[in-house]
1. Could you check the stretch 242-259 and list, in sequence order, the residues that are surrounded by 14 or more Cβ atoms within 10 Å (Cβ to Cβ) and either farther than 20 Å from residue 308 by Cβ or free of Cβ contacts under 8 Å to residues at least 60 places away in the same chain (or both)?
2. When you look at residue 159, is it outside any loop (DSSP other than H, G, I, E, B), at pLDDT 95 or above, in contact with an Asp or Glu (Cβ under 7 Å, 6 or more places away or on another chain) and surrounded by 21 or more Cβ atoms within 10 Å (Cβ to Cβ), yes or no?
3. Looking at 83, 36, 65, 61, can you tell me which residue is surrounded by 21 or more Cβ atoms within 10 Å (Cβ to Cβ) and modelled with pLDDT of 95 or more?
4. If a residue has to be of a type in the set (Asp, Glu) and farther than 28 Å from residue 174 by Cβ to count, how many in the stretch 81-117 make the cut?
5. If we keep just the residues of the stretch 144-156 that are surrounded by fewer than 22 Cβ atoms within 10 Å (Cβ to Cβ) and not in a helix (DSSP H, G or I), which is farthest from ligand 1 (Cβ to nearest atom)?
6. So which strands (runs of 3 or more DSSP E) are wholly in the stretch 64-128 and hold at least 1 residues that are of a type in the set (Gly, Ala, Ser) and within 16 Å of ligand 1 (Cβ to nearest atom)?
7. Taking the conditions exactly as written (outside the structural domain of residue 43 (by TED's automatic domain parsing) and within 16 Å of ligand 2 (Cβ to nearest atom)), does residue 152 satisfy them or not?
8. Looking only at strands (runs of 3 or more DSSP E) that lie completely in the stretch 326-402, which have at least 3 residues being at pLDDT 95 or above, among the acidic types (Asp, Glu) and surrounded by fewer than 18 Cβ atoms within 10 Å (Cβ to Cβ)?
Amino acid sequence: MAEQDWGSEQYVLEHFGGFYSTGAQHVEAPTEIKQREFGFLSFGGRTMFRHIGFEDTEELRRYLRNYSPAHSYFSAAYYQEPRAPMAEKGWIGADLVFDIDADHFDLPCQKTHDRWTCKTCGEAGKGHPPERCPGCGKATFAEENWLCESCLDAAKYEAQKLLDMLIQDFGFQPSELSVNFSGNRGYHVHVRSPLAKDLDQLARREVVDYILGIGIEAEYQGLTSRQVGGGSMLGRGGWRGRTIRALYDFVGKSTPEEIKALKLGRNTTRDLIEEKDEILSSLMNQHPSRIVRYIDKKSMEKLLDAAVDEQASAIDTVVTTDLRRLIRLPNTLHGKTGWLTQNVPIEDLPDYDPLTMAVAFNEGTEKVYIKRAPEINLQGEVYGPFEEETRELPLAVAMFLLCRKSARVVR
Ligand SMILES: [Zn+2]
Ligand SMILES: [Zn+2]
C-alpha cells in the first residue's frame, strides 16, 4: 500500500466533520473576538490559512462546521484590522501566553516511546535524536514522538509551577489566568490582564527569564559570607524565598550518590552528606549566609543552578516573546491526536487527566492496520504496543493512531 494512505486522511476529515456538526456549538469565542486573528490548517494542506477574522461566535462556529480544520488557532494579540496583512493590522496589545510542551523535556519515558531514524543511512535509536548520527555523522532525522501519562504529568507539573509564580510573584488574579490542555503533549497558560496586554517584546523576555530562573546569583540571595540582616528567608516572596526553598528541597531529598554526581568540591560534598541536618536546620531557621561555610563558591553556583532548575517552569521562550503568535482555540480538535484542546479550571488542574477528559471520539470501533505504535493508555485502558497488525479498536484509539499517521483504515 502506498505511503500516502497512512492516516486515512479522508476518513479522519469526515470524522472531524461529524464532530463539528454538533461540537462547534461548544466552541467559545476568545475575548474581543473582533480584534483577534484566526488561523487554520486543513487536512493535507501544508499552508496555514491565516489573517481570518470573525464578527461573532456564530460566524466562527459556522467556519468550523463548513471546513472541519485539522488545527484551529487564534491570536494572542488584539488588532485594529485582524484581516489585514501583518504590517497593516495595527497591533493593539497581546495576552501574555506561555507554552509548556513535554517534547522539549528530557524524560526517561521518552526512551521507551520515541524513536529516531537517520534519513541518510537508516541508523535508528530510541528517545530524542542525537546531535549527529553515530552511523554517518549527518544530522537529519525522521522522528516518531509519542506521549504517555508520565510526559503529560510532567507537563502539568510545569504548568502548576508557572501558575504559582504568576499568582504568588506577579500578583495576577486566578480569574485573569486560563489554562488549556493543548490537545497533544502540553499546556498553554493565558494571562488576560490590562497589565500584561501592553508589554513589549523586551518586557516579555524579562518575564520569561524570571520564570526560567535565569540570572539567579548566590550573592544576591543572601548566600554570601557577608552577613546581611538576620532570620531565615525560606518564607520570603519571589525568587528570594524560592531559591532558599529550592536549596532546602534539593539538599533534603538528594541521596549521597546524587550529591556526588554533581561533582562539587571535595569538602562541600563531604559536608552536604555529613552535615546535611545542620545545613537544613540553618536554612530553615537562620539567615542563608550561615550555610556558606559548608559550601565553597563554585559548588554553590552549581548547587544553586541544579536547585533553581527544579523550581523554574520549563516554558517555551519563543512563544511568550512572539507578539503575533497564534495559539490553539479551546474545544477544537488537534489533528495529530484527535483529542480536544481543552480549558481546565485552575482548581481542577491537579486531578485533570487529558487521557480520559480530552478524548473526543467516544463511540464505536474501527478496524485499522497499524504500522507501529507504542503502548497508549486511553480512557483507563491500555492498548498496544502494536507492530504490523490489524486490529478492531475503539474509535478513540483508532483515531489517535490515524492522526499520528501510524495506521490506516482496513475496509
Ligand atoms: Zn546516519
Ligand atoms: Zn512519556
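1. 244, 248, 251, 254, 259
2. Judged against the criteria, residue 159 is not a match.
3. On the way: 83 fails: surrounded by 21 or more Cβ atoms within 10 Å (Cβ to Cβ); 65 fails: surrounded by 21 or more Cβ atoms within 10 Å (Cβ to Cβ); 61 fails: surrounded by 21 or more Cβ atoms within 10 Å (Cβ to Cβ).
From the options 83, 36, 65, 61, the qualifying one is 36.
4. 4
5. It comes out as 148.
6. 124-126
7. Yes.
8. 386-394
The values are calculated or read from the model by the stated rules, or taken from the named source; none is laboratory data. These numbers come from a predicted model, not from an experiment. As a convention, Cβ positions derive from the backbone with ideal geometry for all residues, glycine included, and neighbour counts pool all protein chains shown.
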